[in-house]
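Here's the structure, in structure tokens; my notes come after.
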Amino acid sequence: MRCTVCKGKGLCGRPNCPILERLRAFETMPSIKDSIFGNSPPSVFVGRMGYPKVGIGPLVPAITDAEISRFDNPASWGELKIEDVIGMRSSLVRSSKSLNVKAPQFIGNSRILSMTQELALADKPVETEVWFLKPPKMDLKFDGILTPMGPSGTIDKLAITENPSVERKVEYITSDTDINAKLAVDELYRGGISVYQIMRLLSVGLLGERRKLVPTRWSITATDDIIGKRLIDLIKDYPLINDIELYSFTHFENHFEIILFPAIFSFELLEIWRPLSLWAEKGSIEADREGYKGRSRYSKLGGGYYAARLGVLEHLDARRRQATAIILREIHPSYWAPLGVWVVREAVREALRGKPEIFTDPLDALGAASSRIKTPRVLWRNELKIFDGVRHQRTLSSFFFLLLSSPTL
Amino acid sequence: MFKGSIRTSALRSSIDALLAVVDEARFNLTPTGVSVRAVDAANVAMVSLELPDSAFDAYSVDKEVTIGLDLSKFIDLLKMGNPDSICEMDLQDSSRLKIKMGSLKYSISLLEPSTIKREPKIPEIELPGEVILRGSDFRQGIKASEPIGDYLVVGIETKPKEIFIMETEGDVDRVTLELDKDDLFSISVVGEDAVRSMFSIEYLKEISKVTSAADEVKLKIGKDFPIDISFAVGDASVRYLLAPRIEAD
């Protein structure tokens with residue numbers, strides 16, 4: 001069905017018309033003159049168009065909100081609806097200035113860069129004023145990886161009208177130019193800094209030896225991957241969990257079933273995009289995985305793979321246990337606007353905070369999980385390779401007495 | 001404690017054989033030679049390596065000792081030397097090994113053996129099927145299977161005659177390698193029944209890279225049972241045990 005014929009009557013079968021919803025979000029946007037003044041959550045954005053010359057600048061709200069800090073903290077959006085997230089994010093005006101990604105290596109070269117960096121360092125909202133070359137155009141940007149953003153305009157002048165508060169750990173790591181970016185990310189994470197702030201710091205070129213601006217969407221996955229790899233190293237030394245555990249959770253019309261098996265670490269993510277869901281008119285089923293030895297290629301599932309993996313790894317590390325994790329993610333048509341990979345990260349984190357159902361037979365666990373998946377099992381069952389491995393692969397110790405101390409499935 | 005010299009290429013192929021299964025291992029240095037036994041983290045594959053003193057140009061151990069080696073680091077370093085050079089090793093204490101290859105001299109730190117996964121006891125097993133084939137044929141069977149699927153059946157058919165098979169079935173495709181008596185060094189089965197077991201290609205791939213250099217590879221095969229793969233490279237002998245995949249619903 002063509003949208004021009006339907007005009008929002010819902011003939012395509014989607015519960016919401018994405019075009020109308022987008023317009024509705026526009027209506028709620030405040031109009032913007034050529035300057036705005038407000039508390040940045042704090043939030044910054046680095047674009048990727050035109051790389052290595054990219055747009056960089058703070059996100060400043062066109063409204064005042066007492067709880068502005070949560071506008072850039074997806075970990076606090078658990079109770080919201082899709083519309084709420086879009087409404088909140090659309091009020092953030094993106095200001096940008098085009099800079100070479102190597103700009104952080106030349107000190108004193110750009111005031112806009114240094115102010116954006118100051119903002120990224122902050123742990124509390126920062127009073128910011130931006131003057132634009134022209135009033136920002138009404139717009140709403142969606143993307144599979146990024147959190148939605150509102151109107152954008154080119155920066156003429158930028159001012160931070162207060163001294164941002166910066167955590168000691170952040171100040172310490174960002175001022176160290178002898179520590180490489182991976183170690184810096186690692187140190188910050190271990191110091192209790194949220195992944196969202198680490199992503200900001202990485203993107204504005206405040207981490208590592210030879211510092212560069214990193215487009216926000218790349219900095220998100222890089223952070224998930226760097227932290228993930230380190231957690232995997234730790235987890236490989238932990239004892240296995242005892243039972244098969246099944247967790248279930250729905251977040252923003254994304255349904256998750258997470259099965260943990262008492263086996264050495266490996267990870268599999270199955271994504272089922274139901275027909276008429278985003279990106280997938282006819283639906284799409286894809287899976288990707290990594291064994292104990294890890295992976296070298298970028299996942300075909302994109303940033304969501306690394307975000308989901310991080311959620312699982314954090315859980316295992318907190319319990320000091322090792323497991324094989326299989327995640328089934330079903331995306332419903334009612335997920336009408338892409339909100340970014342944080343949806344996956346937070347959903348997995350939240351799911352694993354719940355109480356698991358316990359199983360002894362992997363098939364029973366899969367049966368229970370698939371009873372909550374709307375797509376027929378026959379369509380996706382063959383994609384689960386790690387699951388099959390867990391079920392069918394025998395160990396030597398199930399045949400011989402090897403005198404080994406490690407537990408096996 | 002230990003002094004030995006051996007051709008660099010021979011040492012490299014021994015380390016490669018271990019790397020097919022593990023990244024680090026305990027080496028037992030005894031007066032009669034070096035032995036290593038290790039099992040992977042998943043307890044699916046086991047490797048044992050016997051490197052007798054005859055494999056070395058010079059070999060002496062005055063006191064038995066076990067050392068821990070990071071194999072990936074060790075192989076990288078061995079690759080720096082000329083394969084035809086002689087690798088001279090000198091162990092003064094169990095934490096540091098001196099290596100000399102031509103004009104290159106290394107002094108490398110060793111792993112504390114107790115931090116490495118415990119050595120398995122090698123089980124005594126008797127299996128009904130036995131095949132001796134060329135290492136390159138075994139490699140070909142596995143290479144052909146890699147693009148087709150994730151699992152490989154290894155077996156011996158008995159009717160109408162004894163044939164060695166390697167077969168992989170993917171979602172849509174299938175590949176079979178068949179070798180009869182004339183293509184093999186030997187083939188035998190105890191009893192009249194066919195034997196077959198299924199294995200993960202991920203493991204076999206690594207193992208067959210090592211065995212491809214061997215003239216002869218001996219496979220012992222059972223019914224849904226671990227496979228025993230053994231071969232010799234020069235004076236060194238290597239043996240793998242790999243647990244099967246069993247599809248019983």
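Observations on the structure shown:
- Backbone N under 18 Å from the A:Asp139 label point (7 Å along Cα→Cβ), restricted to segment A:153-177: A:153-157
- Take the Cα of B:Tyr106, step 7 Å toward its Cβ, do the same at A:Ile358, and the gap between the two points is 4.8 nm.
- Computed over protein heavy atoms with a 1.4 angstrom probe, the accessible surface ordering of A:Tyr238, B:Tyr151, largest first, is B:Tyr151, A:Tyr238.
- Solvent-accessible surface (1.4 Å probe) assigned to B:Thr176 amounts to roughly 60 Å².
- Estimated D of segment B:129-242 in µm² per second, where Rh is the Kirkwood radius over Cα pairs and Stokes-Einstein applies at 10 °C, 1.306 mPa s: 114
- List B:Met101, B:Met198, ordered by accessible area with a 1.4 Å probe, largest first: B:Met198, B:Met101
- Once all protein chains are placed together, B:Ser14 keeps about 10 Å² accessible to a 1.4 angstrom probe.
- Its Kirkwood hydrodynamic radius, worked out from the mean inverse distance over all distinct Cα pairs, puts segment B:85-127 at 13.2 Å.
- Net +/- balance of residues flanking B:Ala58 in space, Cβ distance below 15 Å, scoring K and R +1, D and E -1: -2
- Environment charge of B:Lys98, counting only residues whose C-beta is closer than 12 Å and scoring Lys/Arg +1, Asp/Glu -1: +1
- Structure-based [θ]222 nm, chain A - -39500 (n - 2.57) summed over DSSP H runs of at least 4, per residue, nearest 500: -9500 deg cm²/dmol
- Within the same chain, aspartates and glutamates fewer than 8 places from A:Lys236 are excluded, and of the rest, those with a Cα less than 17 Å from its Cα are A:Asp225, A:Glu268, A:Glu290, A:Glu314, A:Asp317, B:Asp23, B:Glu24, B:Asp40, B:Asp70.
- Cα-based Rg / Dmax (Å) for the protein assembly as shown: 29.7, 90
- Taking both sides together, the accessible area buried where B meets A is about 2300 Å² for a 1.4 Å probe.
- Heavy atoms of A:Tyr292 accessible to a 1.4 Å probe, total area in Å² rounded to 10: 70
- Estimated distance in nm for a label pair at A:Glu281 and A:Ile63, the labels positioned 7 Å out from Cα along Cα-to-Cβ: 3.5
- The protein assembly as shown - charge dipole about Cα centre, Lys and Arg +1 at Cβ, Asp and Glu -1, debye rounded to 20: 2440
- Cα Rg over Rh - segment A:232-292, Kirkwood: 1.08
- Net charge over other residues, Cβ less than 14 angstrom from the Cβ of B:Tyr151 (K, R count +1; D, E count -1): -3
- Across the cross-link table entries A:Lys229/B:Lys121; A:Lys300/B:Lys209; B:Lys3/B:Lys117; A:Lys33/A:Lys141; A:Lys53/A:Lys300, which are compared at the Cα atoms, the separations over 23 Å belong to A:Lys229/B:Lys121; A:Lys300/B:Lys209; B:Lys3/B:Lys117; A:Lys53/A:Lys300.
- Per residue accessible area of the protein assembly as shown, 1.4 Å probe, in Å²: 45
- Buried on complex formation within segment B:38-62 (loss of at least 30 square angstrom of accessible surface versus the isolated chain, 1.4 Å probe, ligands and nucleic acids ignored): B:Ala41, B:Ala42, B:Asn43, B:Val44.
- Radius of gyration over Kirkwood radius for segment A:286-409, both on Cα atoms: the Rg/Rh ratio is 0.98.
- Set of aspartates and glutamates with alpha-carbon distance to A:Lys102 below 13 Å, sequence-local pairs under 8 removed: A:Glu209
- Here the spin labels are modelled as points 7 Å beyond Cα on the Cα-Cβ line, and at A:Glu27 and A:Ser371 they lie 4.2 nm apart.
- Carbon and sulfur %, accessible surface of the protein assembly as shown computed with the full protein complex present, 1.4 Å: 48
- Accessible surface ranking that places the most exposed of A:Thr64, A:Thr216 first, with a 1.4 angstrom probe: A:Thr64, A:Thr216
- Counting only aspartates and glutamates at least 8 places from A:Lys134 when in the same chain, those with an alpha carbon closer than 16 Å to its own are A:Asp34, A:Asp156.
- Student exercise, chain B dipole from Lys, Arg, Asp, Glu Cβ charges, in Debye to nearest 20: 960
- Inverse mean reciprocal Cα-Cα distance (Kirkwood Rh) of chain B, Å: 19.2
- Span-like helix ranges in chain A, DSSP H, alpha carbon extent 24 angstrom or more, Kyte mean at least 0.0: A:216-235
- Segment A:17-80: radius of gyration and largest Cα-Cα distance (Dmax), Å: 14.5, 38
- Drop in accessible area of at least 50 Å² in the complex versus isolated chain, residues of segment B:102-132, 1.4 Å probe: B:Arg118, B:Lys121
The values are calculated or read from the model by the stated rules, or taken from the named source; none is laboratory data. Source: prediction; values computed, not measured. A quick note on method: Cβ atoms are made from the backbone with ideal geometry, for glycine too, and the neighbour counts reach across all protein chains shown. Ligands, DNA and RNA are excluded from the accessible area calculation, which covers all protein heavy atoms including side chains. Shrake-Rupley method; radii C 1.70, N 1.55, O 1.52, S 1.80 Å.
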